[in-house]
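Enquirer: Sharing a structure with you now.
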Amino acid sequence: MTEQTAKIIDGKATAAALREAVAARVAALKERHGITPGLAVVLVGEDPASQVYVRNKNEQTKQAGMRSFEHRLPADTPEAALLTLVSALNADPAVNGILVQLPLPKHIDSQKVLDAIDPAKDVDGFHPMNAGRLATGGNALVPCTPLGCLILLKRELGALAGRKAIVIGRSNIVGKPMAQLLLRESCTVVLAHSKTRDLPGECRQADIVVAAVGQPELVKGDWIKPGATVIDVGINRVPGAEPGKTRLVGDADFKSCAAVAGAITPVPGGVGPMTIAVLLRNALEACCRQHGLPFEEVF
Ligand code: NAD
């Protein structure tokens, strides 16, 4: 059976709705408290993919009614100069969120830079303080991509308590925080990785499969329990049908998985668009908390 029966989870539409909801909150914050959230994005070097991300982040920040502070530094910027900029942004009251675009050039210690960001302004949620708070049940700023996945899952399935979930991939930016978030929702979580034995068998037991592996179309339809929900985080560029052309595929084999799953995110148009929308949500949360204002979940 190869016919698509799964519902397609529309991340593009959900991301647009989230951005609109954030913009409405930002407008209310301005009107009631005279506060405009500010987000600083730092880009070091000229990586083409990073340039596109940073441009999109700046545009969407402004569209949400926030102030956007863009810092573009040359690829040979010394680590000390980047750390000085981070300190200045930490001290600037107009800046509520700081994002240093990864990857950084090889001569810079990325962890050292991420550790230097004020945890209260760490809208990427990569600071060990925020990772620790997420793991121990505190008020954490949560990495954008896994939080975007969770939003899609909750909108699709409602309460997640008691469901069996597998997260494939244990990176600090996607897999581990994803597993923590699902645990926080009272799922029974398996965190799989490259050394996991019988990955297909582990997958077949799961009601929720989150694939964050970086391996094109690794997860096959016969790994999926009928009716399960598949969240595909992967973004892999592979050769296209025509010579010289490429196309994007996820970490799940869409065709075979969509014939078995109950619902699935497409690539592109699934998890990808959620990431920047959640970044704006996180900037709003950081701003509210810095001003001692309550932050209610946007949706
Ligand atoms: P990563 O390379 O840091 O981690 C990959 C993980 O997958 C590792 O923990 C590894 O153990 C595991 N793995 C590798 N091969 C495996 C296999 N054969 N079986 C089981 N596990 C295996 O990657 P990442 O940064 O977590 O990103 C994962 C994917 O998500 C990539 O395709 C990336 O492009 C994509 N991504 C998308 C977004 C988005 O906004 N949609 C954001 C971040 C990452």
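The values are calculated or read from the model by the stated rules, or taken from the named source; none is laboratory data. The structure displayed is predicted, hence computed values, not measured ones. So basically every Cβ, Gly included, is an ideal-geometry build from the backbone, and we count neighbours across all protein chains shown. SASA here: full protein model, heavy atoms, side chains in, ligands and nucleic acids out. Shrake-Rupley method; radii C 1.70, N 1.55, O 1.52, S 1.80 Å.
Enquirer: Just how large is the dipole of region 54-204 about the Cα centre, in debye to the nearest 20, putting +1 at every Lys and Arg Cβ and -1 at every Asp and Glu Cβ?
Expert: On the way: 19 positive and 14 negative charges, 121 e Å.
Approximately 580 debye in magnitude.
Enquirer: In terms of Cα to Cα distance under 30 Å, which lysines are near enough to LYS30, apart from those fewer than 8 places away along the same chain?
Expert: Cα-Cα hits under 30 Å: LYS12, LYS57, LYS62, LYS121, LYS154.
Enquirer: So, one more: Taking the Cα centroid of region 1-69 and of region 186-228, what is the distance between the two, rounded to the nearest whole Å?
Expert: With region 1-69 and region 186-228 each reduced to a Cα centre, they are spaced 29 Å.
Enquirer: Rank by packing, highest mean first: peptides 8-17, 94-103, with packing defined as the count of other Cβ atoms within 10 Å averaged across residues. Mind dumping the intermediate values first?
Expert: Details: 8-17: 18.0, 94-103: 21.4.
Per-residue mean Cβ counts within 10 Å order the peptides as 94-103, 8-17.
Enquirer: Using the charge dipole of the chain (Lys, Arg: +1 at Cβ; Asp, Glu: -1 at Cβ; taken about the Cα centre), state which of ALA206, LEU83, SER256 has its Cα farthest towards the positive end.
Expert: ALA206
Enquirer: Here is a further query. What is the extension gain from ARG72 to GLU59, computed as 0.36 nm multiplied by their sequence separation minus the C-alpha to C-alpha distance, in nm to one decimal? Working shown, then result.
Expert: Details: separation 13, 0.36 × 13 = 4.68 nm, distance 1.52 nm.
Full extension of this stretch gives 3.2 nm more.
Enquirer: How big is the chain along each principal axis, measuring the range of its Cα positions in Å and listing the largest first?
Expert: 57, 44, 34
Enquirer: Return the percentage of antiparallel bridges among DSSP beta bridges fully within the chain, rounded to the nearest 5 %.
Expert: The antiparallel fraction comes to roughly 10 percent.
Enquirer: Out of residues 5 or more away from VAL190 or on other chains, whose amide H comes under 5 Å of its own, with H placed 1.01 Å from N in the peptide plane?
Expert: Amide H neighbours of VAL190, under 5 Å, 5+ apart: ALA165, ILE166, VAL167.
Enquirer: Report ³J(HN,Hα) in whole Hz for each residue of region 14-20, in order, from the Karplus equation J = 6.51 cos²θ - 1.76 cosθ + 1.60 where θ = phi - 60°; Gly and Pro get x.
Expert: 5, 5, 5, 5, 5, 4, 5
Enquirer: Please calculate the 1.4 Å probe accessible area of ILE231, with all protein chains present, and give it to the nearest 10 Å².
Expert: Solvent-accessible area, nearest 10 Å²: 0 Å².
Enquirer: Here is a follow-up. Specify which residue in the list ILE231, LEU191, VAL271 is farthest towards the positive end of the charge dipole of region 143-273, using unit charges on the beta carbon of Lys, Arg (+1) and Asp, Glu (-1), about the Cα centre.
Expert: The residue sitting most towards the positive pole is LEU191.
Enquirer: I've got another one for you. At a probe size of 1.4 Å, how large is the accessible area of SER50, to the nearest 10 Å²?
Expert: Its accessible surface works out to 0 Å², give or take rounding.
Enquirer: Of the accessible area of region 1-143, with the probe set at 1.4 angstrom, what percent is carbon plus sulfur?
Expert: Working: 3780 of 7120 Å².
Answer for region 1-143: carbon and sulfur cover 53 percent of the accessible area.
Enquirer: Next question. Largest first, what is the accessible-area ranking of VAL86, VAL238 with a 1.4 Å probe? Intermediate values should be presented prior to the final figure.
Expert: Details: VAL86 0, VAL238 25 Å².
So, going from the largest accessible area down, we get VAL238, VAL86.
Enquirer: With a probe of 1.4 Å, find how much accessible area the chain has per residue, and write the answer as a whole number in Å².
Expert: 46
Enquirer: As I understand it, the dipole of the chain uses +1 on the Cβ of Lys and Arg and -1 on the Cβ of Asp and Glu, about the Cα centre. Which of ALA6, GLY34, VAL54 lies farthest toward its positive end?
Expert: Result: ALA6.
Enquirer: Would you grab the residues whose amide H sits under 5 Å from the one on VAL219? Only those 5+ places off in sequence or on another chain, please, with H modelled 1.01 Å from N.
Expert: The list, which skips near neighbours in sequence, is ALA252, ASP253.
Enquirer: Now for a separate question. Given H placed 1.01 Å from N in the peptide plane, which residues other than close sequence neighbours of ARG67 have an amide H under 5 Å from its amide H?
Expert: It is GLY38, LEU39, by chain and number.
Enquirer: Mean residue ellipticity at 222 nm from the helices of the chain, using -39,500 (n - 2.57) per DSSP H segment of n ≥ 4 over the full residue count, to the nearest 500 deg cm²/dmol? Write out the running numbers ahead of the final one.
Expert: Working: 10 runs with 120 residues, N = 299.
Roughly -12500 deg cm²/dmol at 222 nm, from the helical runs in the chain.
Enquirer: Residue-wise, which Karplus ³J(HN,Hα) couplings in Hz belong to region 197-214, taking 6.51 cos²θ - 1.76 cosθ + 1.60, θ = phi - 60°, and x for glycine or proline?
Expert: So the J values, rounded to whole Hz, are 7, 6, 4, x, x, 4, 4, 4, 8, 8, 7, 10, 10, 10, 9, 9, 10, x.
Enquirer: Can you work out ³J(HN,Hα) from phi for every residue in region 235-251, in order, using Karplus 6.51 cos²θ - 1.76 cosθ + 1.60 and θ = phi - 60°, giving whole Hz and x for Gly and Pro?
Expert: 10, 10, 9, 10, x, x, 5, 8, x, x, 9, 10, 9, 9, 10, x, 8
Enquirer: Give, rounded to the nearest 20 debye, the magnitude of the charge dipole that the chain has about its Cα centre when Lys and Arg contribute +1 at Cβ and Asp and Glu contribute -1 at Cβ.
Expert: Values: 33 positive and 30 negative charges, 81 e Å.
Result for the chain is approximately 380 debye, rounded to the nearest 20.
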